[in-house]
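Engineer: Input: one structure, supplied below.
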Amino acid sequence: MRDPKTEALKKVHLFAHCSPKELEFVASRTDEIAAPAGRQLTSEGRPGNAFYLLLEGEADVSIDGKHKATLKPGDFFGEISMLDLGPATATVVTSTPVRLMVMSHPQFSDAVRANSQLLTQVMAAMGERLRSDLLAPRT
């Protein structure tokens, strides 16, 4: 029987270069949670304490109180705080009931230390996200 967490990770671009064994290792470092619509998952400027991967549902991202994006299944967030232990760069609130995979900082550290390609992917995604935020038109 296939592990549903491993199957979910396989569909996420961030984990595209992971082998089945590496995906199993990452999956073993995650917890799966559900949250109702309206749940605040991160708060801009407050300590970020987890990496999140959206499996089902949607969540809204805001920066400085302005809507920036709507996250859908396969999207992730929290990686910046996991890499530098700094505050969250955005507020994320569920807009529908959601199902998420979550990694605490120790779980996330285990996963990226075991796979340098995954760390490279996370850093590339982080750079892309930061660059997108910096280059977005200011309104």
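Every number here is computed from the coordinates shown, using simple stated rules; none is lab data. Note that the structure is predicted; figures quoted are calculated from it, not measured. Backbone-built Cβ (ideal geometry, glycine too); neighbour counts: all protein chains shown.
Engineer: Once the Cβ-Cβ distance between R113 and D64 is put in as r, and R0 is 35 Å, what FRET efficiency do you end up with, to the nearest 0.05?
Structural biologist: 0.55
Engineer: While we're looking at this one, here's another question. Quick one: 3J(HN,Hα) in Hz for region 12-20, Karplus 6.51/-1.76/1.60 with θ = phi - 60°, rounded, Gly and Pro as x.
Structural biologist: Listing the rounded values in order: 9, 3, 4, 9, 4, 9, 7, 6, x Hz.
Engineer: May I ask for the equivalent-ellipsoid semi-axes of the chain, computed as the square root of five times each C-alpha gyration tensor eigenvalue and listed largest first in whole Å?
Structural biologist: They are 24, 17, 13 Å, listed from largest to smallest.
Engineer: Next question. Lys/Arg Cβ at +1, Asp/Glu Cβ at -1, dipole of the chain taken about the Cα centre: which of L130, L9, P97 is farthest positive-ward?
Structural biologist: Final value for the positive-end residue is L130.
Engineer: Excluding residues fewer than 8 places away in the same chain, name every one of the lysines whose C-alpha is closer than 20 Å to that of K21.
Structural biologist: Correct list for K21: K5, K10, K11.
Engineer: Kindly provide log₁₀ I(q)/I(0) values, in the same order as q = 0.12, 0.14, 0.23 Å⁻¹, from the Debye equation applied to equal alpha-carbon scatterers of region 56-123.
Structural biologist: Log10 of I(q)/I(0), two decimals: -0.36, -0.48, -1.10.
Engineer: Which whole-number percent is the relative contact order of the chain (Cα, under 8 Å, 6+ apart)?
Structural biologist: Once divided by the residue count of the chain, the mean separation gives 30 percent.
Engineer: Just from its helices, what would the mean residue ellipticity at 222 nm be for the chain, if runs of 4 or more DSSP H residues each count -39500 (n - 2.57) and the sum is divided by every residue, rounded to the nearest 500 deg cm²/dmol?
Structural biologist: It comes out at -11000 deg cm²/dmol, rounded to the nearest 500.
Engineer: In a Gaussian network model over the chain where Cα atoms closer than 10 Å are linked, find which of A111, A50, A124 has the largest mean-square fluctuation.
Structural biologist: Evaluated over the chain, the most mobile residue of the options is A124.
Engineer: Further, regarding this structure: Residue separation times 0.36 nm, minus the C-alpha to C-alpha distance between K72 and A125: what's the value?
Structural biologist: Stretched out fully, the K72 to A125 stretch lengthens by 17.5 nm.
Engineer: Just how large is the dipole of the chain about the Cα centre, in debye to the nearest 20, putting +1 at every Lys and Arg Cβ and -1 at every Asp and Glu Cβ?
Structural biologist: Dipole about the Cα centre, nearest 20: 140 debye.
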